[in-house]
Amino acid sequence: MPRLLIDFFAQAYSYRHYLVQSVRRDLAKKYKRSSLGYVWTMLHPLAMMLIMSFVMSHVVRVQMKDYAVFFLAAVLPWNYFNSTSMMSLNSIRANAKLFSQIPIPKYLFILSISASNLVNFLLALVPLVLVMAITGKEISPTILFFPFLLLPLYIITISVAMLLAVSNIFFEDTLHLAEVGMQAMYFLLPIIYPPSMIPDRVSNILSLNPLFFQIQSIRNIFYLGEMPNLFFFFLNLGVALVVLFFALKIFKRAEDKLLYFI
Amino acid sequence: MLSQSDINKVSVRADLDCKVGKDPMDSSLAVSVNNVTVSYRRYHQPASSLKESVIRIFKRRKTPRYSQFNALEDVSFSVKKGEIFAIIGSNGCGKSTLLKVLAGVLTPSAGKISACGSIASLIELGAGFDSELTAIENIFLHAALHRKPKKAVESKISKIIDFAELHDFADTPVKYYSSGMYARLGFAVAIDIDPDILLVDEILAVGDDRFQEKCKQAFRDFILRGKTIIWVTHNMGFVAEQAHRALLLQKGRVLYMGDPKEAVKLYLDPSYQTALA
């Protein structure tokens, strides 16, 4: 098992020049084109936050303290996971021509998509901190743990992205299934509501989702100012590595067959 | 000659070993292909949807899902360093599959390929280009796909732009290029990778006569530096005049290998053409 993972990280590292350049290109494209540029990265989560806050306080009428921060701190990691997976879905198919010429790893574009989205994710933390400052929420030093919590999230995200991209080659329906699946996950994870609202018997099942504790612990360092639980951190990391291992195994098996399909 | 560490930097293939010392490969050879077979599966119902797969499980696969089809069958040959090696044959004889196997993007179903040195292909010009980026940005990106850092390319930018004759358009996104400009840039970038073995697929229709002459000169320089070109083409005049040796394929098998003039003669022979029908 470690061999496969080490090879993967070593190969990814050997393409660092490409990854750096492609991230720069993606950012330049995104921010050069639209007139508001970087502002969109901030406005988008803020708009979502305003909508959710309105729905929660005036429609559903659940009163929660600092709901804006509560929601933003969880929806940002979710957005990272969701957009990376969905953007990667077609990455192998779309680059078929390139793959039939240059022997590059088929997951290279998934890595570059996830890296670009990671930068966007980091930029979107600026509005989160701004909202915390404006609403008078205490900014606890626990937010410095953020980079550590990012690691398992990053690993699980590229694993899911790889599985979806491979599946998309063999099954045309992957896109539709993934859309439904992502929608379901958005509501089944404690993003818009606190985990305390989930009844116990359902909670046991829902917490099997590896993202359940990950999103929780990222939110808690911002919202509660709570130290990450070391046990959960290593559990998350371990689970993420196991998922990556299986994703790589499936990916490797499919890789040789890919060119016959695309 | 490149050292082994240079080779590792350029090529990704694990099976690309050049064991000249320990004798699996003759030191005068650039590529050696041994009993390579590539089987494609011809799916009776391709691009299956989930629904079809589920139905198929219940049907318990009474009908086979695919039939085997050998695009290449037991192909063996070797290419010497410093030669222009032509691969000819009619459409569908396996030329492109062979190039993909040589480029390392397709793993053969059976057989082994050893190559001494780095391999790059000039199959489709500009396949990796991002249309939103300028020529210079694309040059950097393309080099990065070959794991070359920006620093290694910076000094060569002006040479590449010179070769492609794109001085006035170096900062224009390539989507505004004419197809000729695009292909010229593609050619200049690919030749700049400067591999030990270059795979070419019928691309000398780039630009006008003058530019084509320039491409030919670039290939000549390439050969003079002791490097190797493997060329897939339908241009029989070129094969007879320029190639050192030629390989004639028929339905995925080697029909003839050796003297290019003889290969062209066999290719043009009515018996070769009728054997396909």
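For the reader, a short list of remarks on this structure follows.
- Residues in the protein assembly as shown average 48 Å² of solvent-accessible surface per residue, probe 1.4 Å, ligands and nucleic acids excluded.
- Estimated FRET transfer efficiency (B:ASP162, A:ALA133; beta-carbon r; R0 51 Å; 0.05): 0.40
- Chain-alone versus full-assembly comparison, segment B:135-150, residues with accessible loss of at least 50 Å² (1.4 Å probe): B:LEU141, B:ALA144, B:LEU145, B:ARG147
- Calculated FRET value between B:SER271 and B:THR37, using beta carbons and R₀ = 30 Å, to 0.05: 0.75
- Loss of accessible area when B meets A, both sides summed, Å² nearest 100, probe 1.4 Å: 3000 Å²
- Cα shape, segment B:88-245, gyration tensor, a/c 1.5 rule: prolate
- Shielded residues, segment A:241-262 - accessible-area loss of 30 Å² or more between chain alone and all protein chains, probe 1.4 Å: A:ASP256, A:LEU259, A:TYR260, A:PHE261
- Listed residue pairs exceeding 31 Å between alpha carbons, taken from A:LYS106/B:LYS227; B:LYS100/B:LYS227; B:LYS112/B:LYS156; A:LYS29/B:LYS51: B:LYS112/B:LYS156; A:LYS29/B:LYS51
- Shown is the FRET efficiency for B:GLU202 and B:LYS51, computed with R0 = 56 Å from the Cβ-Cβ distance and rounded to the nearest 0.05: 0.85.
- Ellipticity at 222 nm from helices only: DSSP H runs of n ≥ 4 in chain A, each -39500 (n - 2.57), divided by the residue count, give -25000 deg cm²/dmol.
- The distance between label points at B:LYS112 and A:LEU50 comes to 6.7 nm (points 7 Å beyond Cα on the Cα→Cβ vector).
- Relative to the longest principal axis of the Cα atoms of chain A, helix A:210-223 runs at roughly 40 degrees.
- Drop in accessible area of at least 30 Å² in the complex versus isolated chain, residues of segment A:95-134, 1.4 Å probe: A:LYS97, A:LEU98, A:SER100, A:GLN101, A:ILE102, A:PRO103
- By the rule of a C-alpha distance below 16 Å, with chain neighbours fewer than 8 residues away ignored, the lysines paired with B:LYS95 are B:LYS251.
- Spin-label model, A:VAL119/B:HIS244: points 7 Å from Cα along the beta carbon direction are separated by 4.5 nm.
- Overall size of chain A from C-alpha positions, given as principal axis extents largest first: 56, 48, 35 Å.
- Simple spin-label estimate for B:TYR176 and B:ASN91 gives 3.8 nm between the two label positions (7 Å along the Cα-to-Cβ direction from each Cα).
- Kirkwood-based Rg to Rh ratio, the protein assembly as shown, C-alpha trace: 1.04
- For chain A, size of Cβ-based charge dipole, Lys and Arg +1, Asp and Glu -1, in debye: 640 debye
- Partner shielding of B:103-112 amounts to 3, given as the average count of beta-carbon atoms from other chains within 10 Å of each residue beta-carbon.
- Within straight-line cross-link reach of A:LYS137, aspartates and glutamates at Cα separation under 18 Å, skipping those fewer than 8 residues along the same chain: A:ASP66, A:GLU226
- Exposed loop sites here mean trypsin sites (Lys or Arg not before Pro) with a DSSP loop assignment and at most 11 other beta-carbon atoms within 10 Å; chain A contains its longest site-free run at A:66-262.
- The long axis of helix A:67-88 is offset from the longest Cα principal axis of chain A by roughly 10 degrees.
The values are calculated or read from the model by the stated rules, or taken from the named source; none is laboratory data. Given the structure is predicted, the values throughout are model-derived calculations rather than measurements. Heads up, the Cβs are rebuilt from the backbone with ideal geometry, glycines too, and the neighbour counts pull from every protein chain shown. Just the protein is used for accessible areas: all its heavy atoms, side chains included, with ligands, DNA and RNA removed. Shrake-Rupley method; radii C 1.70, N 1.55, O 1.52, S 1.80 Å.
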